[in-house]
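Contents: one structure, followed by commentary.
The values are calculated or read from the model by the stated rules, or taken from the named source; none is laboratory data. A quick note: this is a predicted structure, and the numbers were derived from the prediction, not measured. Methodologically, a virtual Cβ is constructed for each residue, glycine included, from the backbone with ideal geometry; neighbour enumeration extends over all protein chains shown.
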Ligand SMILES: [Zn+2]
Ligand SMILES: [Zn+2]
């Protein structure tokens, strides 16, 4: 699988893209002092090219100190097992994501794609084949839970911020020093819910892909939480980084979705009023839920 060369999008923040077209998924190599961390790990089939790109950037023999995942989905965590075993480093996820680390179908955590396609397909394959597929995605031997405040050991300046909804334990990674936010699938800049977005990759700030989202309402509330951080640069899991008018656009997205959810016949408030109501209901930032 093709992996792009690393491109610096903010001081010490390098973007790599694994795959092309609708399969393209972003990962970020991030420098903190003398240490590096890899945020997300691309697809299983991109592990070797990711390794080569990372080692080219870091120099011979140098490796990151950890891999931090925004969530466990094949385009983001697929390469994590191979890379962590190769480099002998841990993979951090939110504790709520741990039940999915074994690569098995977890009904309580399922999303539409699981229920409609994956689970019925898995019922058709033999138990042996199913165990083989599950073992391929199993990262339970290398995975560790993020700490209660979202701290990343050995990577000062960065913190995980809870942004659940797309998956139960989805997080974003935040550098408050210069307001860089790596969002995974919590917010993306290519609309994977529209045909133009999927086929043409047309840029558009959007919520997560619906067909792989566990809880849409929670996902929309998380967009409002991320807007509340006040990011200057949004580095998404799919699409190009966004550095212009990030906060108003995030607020607009959160408010628009909130407005759409209101009961029919009830007039949705102006975006600003909806935003204010949303903001009052937001949970405190940080990992605790
Ligand atoms: Zn995802
Ligand atoms: Zn994704």
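Residue 186 meets all of the listed conditions (1) within 16 Å of ligand 1 (Cβ to nearest atom); (2) part of a loop (DSSP other than H, G, I, E, B); (3) over 18 Å from residue 246 (Cβ atoms) but one, namely (3).
For beta carbons closer than 6 Å, sequence separation of 6+ or different chains, a first residue in segment 206-235 that is in contact (Cβ under 8 Å) with a residue 60 or more places away in the chain and a second that is more than 16 Å from ligand 2 (Cβ to nearest atom) and assigned to a loop (DSSP other than H, G, I, E, B), the qualifying pairs are 225/282; 233/243.
Of all residues in segment 212-246, count the ones that are at positive phi and in contact with a helix residue (DSSP H, G or I) (Cβ under 7 Å, 6 or more places away or on another chain). Number of matching residues: 1.
Those residues that are under 20 Å from residue 22 (Cβ atoms) and in a loop (DSSP other than H, G, I, E, B), I need them from segment 234-248; list them, please. 237, 238, 239, 240, 241, listed by residue number. Report whether or not residue 231 is surrounded by fewer than 16 Cβ atoms within 10 Å (Cβ to Cβ) and not in a strand (DSSP E or B). No.
Restricting attention to segment 205-233, the residues that are modelled with pLDDT under 90 and more than 16 Å from ligand 2 (Cβ to nearest atom) total 0. Here the strands (runs of 3 or more DSSP E) wholly within segment 133-176 that include at least 2 residues being within 16 Å of ligand 2 (Cβ to nearest atom) and either modelled with pLDDT of 95 or more or buried (at least 23 other Cβ atoms within 10 Å of the Cβ) (or both) are 171-175. Of the helices (runs of 4 or more DSSP H) that lie entirely inside segment 44-109, those containing 1 or more residues that are within 16 Å of ligand 1 (Cβ to nearest atom) and at pLDDT 95 or above span 74-77, 80-87. Hey, could you check segment 191-205 for residues that are in contact (Cβ under 8 Å) with a residue 40 or more places away in the chain and assigned to a helix (DSSP H, G or I) and say which is farthest from ligand 1 (Cβ to nearest atom)? Per the stated criteria, the residue is 199.
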